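**Student:** First the structure, then my questions, so here it is.
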Amino acid sequence: MSKSSARVRAGRAAALLVGALCVILLLPRYALGATPSPNLPDLPIPALNVAVGAAEEPRDVVLTLQIVALITIISMAPAILLMLTSFTRILVVLGFVRSAMGLQQTPPNQVISSLALFLTVFTMAPVWNDIYENAIVPYMQEELPVGEAFDRIVTPVRRFMLTQTREKELSLMVRLSGDPQPANQDEVRTMVLIPAYVLSELKTSFQMGVVIYIPFIVIDMIVACILMSMGMMMLPPSMISLPFKILLFVMADGWSLLIASVVTSFRL
């Protein structure tokens, strides 16, 4: 292909791109019945105005604080999802399965994260239903003040975390915080409970990961011994054992067993 023909094709592609952009920008005007102007058309570009003024009534200040609080909660939603739900354990266990089979990007990270997210919604459904029925609905119906509604939101979440938290991790965080030894679960502060819960989730997920690794390690050892006995020391054992590990996982219905084990591991 000559340089002149390549330049012609590049010019045609650029002209086609500019034409498509113009059609996209002018399409809303034609859809509204506006007649095109022979001159440079007025593109329907929206304008955004942000103004800050003095509050005229006390309710304006309250509304502003509510908006700021809502934006803060939305920005912290990923951290809340990671720390206060079953997402951490599920995601770590799924990552262990992929690493144990020797697969680098299969399933992709997006698939693993999406599956962990939907399993989190499934396992946390009783807690969220309790929050919705006993806190959100009464508050929206103006039957509860904000403080009592917040307490009813926190109580089911604390109950879930306490059922999953190990005593050793909880005692560790209480000792590190300097708080006196609590007499019951209600005296455990939430700021102490959250890190104890995360540590317990990591410990549980790593224990499950070790159990998942054992059969795949056995396959790797068997394949490595066979290759060494045949004198094929230069051939990577992982290349030969990978199909066998995938075959074992599929024949044993590994995904169903894995999901069932992870979901039933949460004591509700």
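The values are calculated or read from the model by the stated rules, or taken from the named source; none is laboratory data. Remember, predicted model here, so these are calculated numbers, not experimental data. Accessible surface areas use protein heavy atoms only, side chains included; no ligands, DNA or RNA. Shrake-Rupley method; radii C 1.70, N 1.55, O 1.52, S 1.80 Å.
**Student:** Would you kindly give the portion of the calculated P(r) for the stretch 77-163 that falls above 16 Å, as a percent of all Cα pairs?
**Tutor:** Of the Cα pairs, 60 percent sit more than 16 Å apart.
**Student:** Any chance you could run the full-extension gain for Q110 through M140? It's 0.36 nm times the residue separation minus the Cα-Cα distance, nm to one decimal.
**Tutor:** 7.3 nm
**Student:** Also, quick follow-up: Tell me, Kirkwood radius of the stretch 185-236 from alpha-carbon pair distances, in Å?
**Tutor:** 14.5 Å
**Student:** Further question: Roll a 1.4 Å probe over the protein heavy atoms and report the accessible area of E143 in Å², nearest 10.
**Tutor:** Number for this one is 120 Å².
**Student:** Where does each of Y213, Y132 land when they are ordered by accessible area, with a 1.4 Å probe and the largest first?
**Tutor:** These residues rank, largest area first, as Y132, Y213.
**Student:** Still on this structure, please answer the following. Please tell me the relative contact order of the stretch 121-268 in percent, rounded to the nearest whole number, where contacts are Cα pairs under 8 Å and at least six residues apart.
**Tutor:** 20 percent
**Student:** For the stretch 142-264, what ratio Rg/Rh do Cα atoms give with a Kirkwood hydrodynamic radius?
**Tutor:** My calculation of the ratio gives 1.25.
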